[in-house]
Structures are given as structure tokens and as C-alpha cells.
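Down below is the structure, laid out as C-alpha cells.
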Amino acid sequence: MTVRFFHTSDWHLGQFFYNHSRHYEHEQFLAWLLEQIKIKQPHALLIAGDIFDVINPSSQAQKQLYQFLADAHDLAPQMQTLMIAGNHDSGYRIEQVEPLLEKYNAKTVGVIRWNEDKSLDLDRLILPIYDEQKQIVAWCIALPFLRSAEITGFNENTTNSQNAIAYLHQHLIAEAKRRKTDDQALILMSHAHMQGGETSDSERPIIIGNEEALSTTLFDDEIDYVALGHLHKPQKVGQDHIRYSGSPIPLSFSEINYKHQVLEVTIDPIETGNQVEFEAIAIPRAIQLHKIKGELNDVMQRLKNLPQGLIECIDHREYVDIEYHTATPPQPNLRQQFEDALPKDRYRLVRISRQYLSNQTNAEIESKINLEPPTPEKLFQQIWEKKGYSADDEVTKDFLSLVAEAQKKLEDDQTV
């Protein structure tokens, strides 16, 4: 039996980009995705985590998600939407609206749940996917972002994070294989950083038990497709059937050249012998990003040469990032000069950075004027360096582990 589904992830609804809302860009993406759903009528939509940008999303961001689910259900009533929590999401929060989700044929897995006898709650983690005749065409193992506190200390197989991760995968895959028949596909959806994945500078490092990246050896050969979330660049990891769909919009200037897409995946275990077919459906970019770098005079000229044309709504205007190179201190009114060089009422200058060229050493020292609040990791690194200490990967990992624990405690407090 053939199963067709869409794979997407890392929507980051509610994100602010250098203090500018991305609501319009997300609205354009979701409207485009609804059109694809209307045309393709897939059996399922898989959203592999980081649905929201923060664990306590705004009411506007939540409304955006639930309105999309309602509209998708109207266009394709038979389609199931399966979602997992990412490291940016509160797993408990996205599970709180289960009665609402059921009305839209949607399910969400926010956290790993255990039964009273310390066994896994398998029915919440292994989900059937149905066709139009209500026949099961595939099984989906749904693994949200794995937080140490939710997976360790339950039995002899979960004494630490590494053991627990291996146990979860082995146990769930074995049970899913027991449930499936030869004419049904087996899918695994996970929000994780896999070894070999290419990152951008907008992804928050995720560390579980001092391990940042997981191995693809966790995945059994009988799994037909692994739908991954967390990394924003669309890519395969090791094998064709292990893929990140990537984010639908660029979440930083380092992602300016990413080919954002939704993956349409088709599996027919009988006709094609479990061969997986992919179609990358390109997502149109609603707002352009421009990174301008070079010597000061060159930057000024390139700003003036940018396309003209009024964009009335400020939330629809294009983003500009400037990196200029100079051997002299900046002029006090340099930002205004940049603003004056830009075509009027079309762009938003969101970041200016300077690469200082020292005449004495001929070295380049980067000094950035960043309009975005620093992350805990960057603040820690700045303080660490000011104290006179050199960079230490182990210390950084320990700090990020503490941040993850604090974030988990914050989530727990919010659910009480």
C-alpha cells in the first residue's frame, strides 16, 4: 500500500529577526503550504519539531498554528498532521491542546511518557497513518527532542542519557516492526542533531549527556524513511532516506542561500520493494535578505545599486546586513550614511558589523554592532574571555548542559 506524506520542520513560529516580527513571512509560507496540501492531498503532514521559536509562544503564534490546522483539515479532511516537540518547544504546552487537535485530525508528541510500571507508553510514540479507506499504510515512530530528565532513571537501561537514547530507539523500532505488516511502511520522525549534519549559526546547540550529535546507527535498516528536524539546511545524512527537510524561511543571514523546501515522500513497500521517492517542493521566499560586505566605498555603492521600488508596509520590507572593512575608526554618523544610501522605503537595515584592518599587524579584528540580544552561550563566552581564560569546548558543553537543565525546570514550572 502506498503512503504519501509531506515532511517539514523548524517553522519557528513567533520568531523575531533582529526585533522584527516574521509573522508575515510565516503567513505566506503557511498559505503556500495549504495550496500544496489542496493539490497533493497527502496521507500525512509530518512536522519534525521547533514548531514555535520559544517555549512560551505568543498568542499570535499559537493562533497561527491552530488556524493552519483548521484550514488544512478543511482542504484535506483525510490527512493526518503528526507533530513532535523540538528543543525550542515546550513539549507539555503543545500536548495540552490535544482535544482541539483531534478535531483537526492532528496528533502531537511533546514528551516521552512512561507507564506506572516504568515501561514506555508505546501507543503515544508509535502512530498509525491511514489512507482514504481508513486502512493503515504506515507506522510512524514519533520521537520529540530527548531531554535527559525525561528519559533517564526509569530502569536498568536508562542509567544515563546515552544508554537511554539507545534503549528508546531499539525498543520502539522493535515494537513498530512487530506491529507493521509487509505492505506497510515504517517511518521514524525525530528532532535531533545527527553526526555529519551541516549547521548554520541560528541553531541552538543541543547537548544530551555531553553528546551534541547522535549517530545514524541508531536507525534500523528496516526503517523506510527518517524525517529529521533541528538543522535548518535541507540535507541528507549518510543515506538518501535519512533527511532534514530544513526550515521554511531563512532564520539567519547564514541561511541566505538555502533552498528552502517541503519534501514530498512516497513509499510503496510492495510495488517498489520499499524504494522511497522524493520530491523537493521549493518554497517561495516572501522577503529577500541581502548581505553586503566589502570596503566602505564599495559597500556604499552596492547599497545604492540595490533594486528600487516602494514597499509600503514595513513588515514586508527586505532585510539588509552590512559588513564593512576599514582601517580607521567609524564615523559617528555612519549608520545614517548607510540608511541614506539605501533606496527609500524598501529595506530594513538590521545589522552593521565592522572588520577592522590593523595597519600594524595586518590582522582582521571583527567588531559587531548587533541589534539582536546575545544568547546565553555568547554572554558566557564573552565573560569567560574577559576573565583571561582561553576557549574550552568541555567548559562550553558543561555550561550548555546547565542552560538545558534550567530551561527544562522553567518548562516544568510553567506546567504546574
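Which one of the conditions (1) at pLDDT 95 or above; (2) farther than 26 Å from ILE283 by Cβ does ARG124 fail to meet, given that it meets all the rest?
Here ARG124 meets the rest and fails (1).
Determine whether ILE352 is surrounded by 11 or more Cβ atoms within 10 Å (Cβ to Cβ), within 26 Å of ASN257 (Cβ to Cβ) and modelled with pLDDT of 95 or more.
It is false that ILE352 is surrounded by 11 or more Cβ atoms within 10 Å (Cβ to Cβ), within 26 Å of ASN257 (Cβ to Cβ) and modelled with pLDDT of 95 or more.
Only residues in region 399-416 that are buried (at least 17 other Cβ atoms within 10 Å of the Cβ) count as the first member; pair them with residues that are modelled with pLDDT of 75 or more and aromatic (Phe, Trp, Tyr), Cβ under 6 angstrom, at least 6 apart or cross-chain, and list the lot.
PHE399/PHE380
So which pairs qualify, if the first residue must be in region 342-362 and small (Gly, Ala, Ser), the second must be modelled with pLDDT of 75 or more, the Cβ gap must be under 8 Å, and the two must be at least 6 apart or on different chains?
SER353/ASP321; SER353/ILE322; SER353/GLU323; SER353/TYR324; SER358/ALA327
Return yes or no: is ILE55 at pLDDT 95 or above and over 16 Å from LEU33 (Cβ atoms)?
No: the conditions fail for ILE55.
Go through SER90, SER21 for me and flag whichever is in contact (Cβ under 8 Å) with a residue 12 or more places away in the chain, closer than 22 Å to ILE249 by Cα and surrounded by fewer than 17 Cβ atoms within 10 Å (Cβ to Cβ).
SER21
Identify all residues within region 9-23 that are under 19 Å from ILE55 (Cβ atoms) and not in a strand (DSSP E or B); write none if there are none. Please lay out each step first, then the result.
If we filter region 9-23 for residues that are under 19 Å from ILE55 (Cβ atoms), which is where we start, we get 9-17, 21-23.
Answer for region 9-23, where residues must be under 19 Å from ILE55 (Cβ atoms) and not in a strand (DSSP E or B): SER9, ASP10, TRP11, HIS12, GLY14, GLN15, ARG22, HIS23.
Being among the polar types (S, T, N, Q), in contact (Cβ under 8 Å) with a residue 40 or more places away in the chain and in a helix (DSSP H, G or I) is the requirement here; does SER247 meet it?
No: the conditions fail for SER247.
Scan SER202, SER148, SER215, SER190 and give me the residue that is in contact with a helix residue (DSSP H, G or I) (Cβ under 6 Å, 6 or more places away or on another chain) and either in the same structural domain as TYR18 (by TED's automatic domain parsing) or modelled with pLDDT of 90 or more (or both).
Only one candidate passes the filter, namely SER148.
Could you identify the single residue in ILE322, ILE311, ILE270, ILE287 that is in a strand (DSSP E or B) and either of a type in the set (A, V, I, L, M, F, W, C) or farther than 26 Å from ARG22 by Cα (or both)?
Just one listed residue meets the conditions, ILE322.
The values are calculated or read from the model by the stated rules, or taken from the named source; none is laboratory data. None of the values given here were measured: they were computed from a predicted structure. Cβ coordinates were reconstructed from backbone atoms using ideal geometry, including for glycine residues, and neighbour counts include every protein chain displayed.
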